Amino acid sequence: MQSIEDAIKQPVFKSSLHRATVNIVYTSAWLNQSTSQILRPLGLSLQQFNILRILRGRAGKPATVKLLTERMLDKMSNASRLVDKLKEKGLVERQECPTDRRQVDIVITQAGLDLIQRASEAVEKKQANILQRITEAEANQLSYLLDKLRG
């Protein structure tokens, strides 16, 4: 097991809280990088993957760009631009809302469902390999502590 000190070549931190903060940021980037390597050959970014997963989870119900933005993991992403890219790939469609013509509904296509299925299986397999390093109890403790940090 490589320590955060070894990973970033920083032998000393100001405090254990500073060390933990750096470790969280580093590990998040490491997990994102690992997932991106899996998604890249499928032509997806992390943010596009996130949008497709949200849409798949809606079980055929349309979503607005506002809803996608609210549910995305990366709040800094431009959901509208991401939807445009997914539309160009034939993975989503934009539809006029039947009850409000100013609103545009986003729905996942069959091609999008097929791709998100393949992508999810590949990502879940990789995550299972990574997560086997900790026990179920440790995973629960980690989630509890991360939730506690966010208040």
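Under the condition of being hydroxyl-bearing (Ser, Thr, Tyr) and either in a loop (DSSP other than H, G, I, E, B) or modelled with pLDDT of 95 or more (or both), which residue from the stretch 53-109 is nearest to the chain's Cα centre (by Cα)? Walk me through it before giving the result.
At the first step, the residues of the stretch 53-109 found to be hydroxyl-bearing (Ser, Thr, Tyr) are 64, 69, 77, 80, 99, 109.
Now narrow it down to the ones that are either in a loop (DSSP other than H, G, I, E, B) or modelled with pLDDT of 95 or more (or both): 64, 77, 99, 109.
Values: Thr64: 18, Ser77: 11, Thr99: 31, Thr109: 20 Å.
Once the filter is applied, the top-ranked residue is Ser77.
Can you find, within the stretch 4-45, the residue that is nearest to Gly112 (Cα to Cα) among those that are more than 25 Å from the chain's Cα centre (by Cα), in a loop (DSSP other than H, G, I, E, B) and of a type in the set (S, T, N, Q)?
That would be Gln10.
To keep it simple, each residue is scored yes or no on (1) among the small types (Gly, Ala, Ser); (2) surrounded by 11 or more Cβ atoms within 10 Å (Cβ to Cβ).
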site: Gln47; (1), (2): no, yes
site: Ala79; (1), (2): yes, yes
site: Lys89; (1), (2): no, yes
site: Gln103; (1), (2): no, yes
site: Val107; (1), (2): no, yes
site: Leu113; (1), (2): no, yes
site: Ile130; (1), (2): no, yes
site: Thr135; (1), (2): no, no
site: Leu142; (1), (2): no, yes
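Gly43 - would you say it is surrounded by fewer than 17 Cβ atoms within 10 Å (Cβ to Cβ), under 30 Å from Ala20 (Cβ atoms) and either modelled with pLDDT under 95 or not polar (S, T, N, Q) (or both)?
Against the criterion (surrounded by fewer than 17 Cβ atoms within 10 Å (Cβ to Cβ), under 30 Å from Ala20 (Cβ atoms) and either modelled with pLDDT under 95 or not polar (S, T, N, Q) (or both)), Gly43 does not qualify.
The values are calculated or read from the model by the stated rules, or taken from the named source; none is laboratory data. Keep in mind it's a predicted model, so treat the numbers as computed, not measured. Neighbour counts run over all protein chains shown; Cβ positions are idealised from the backbone, glycine included.
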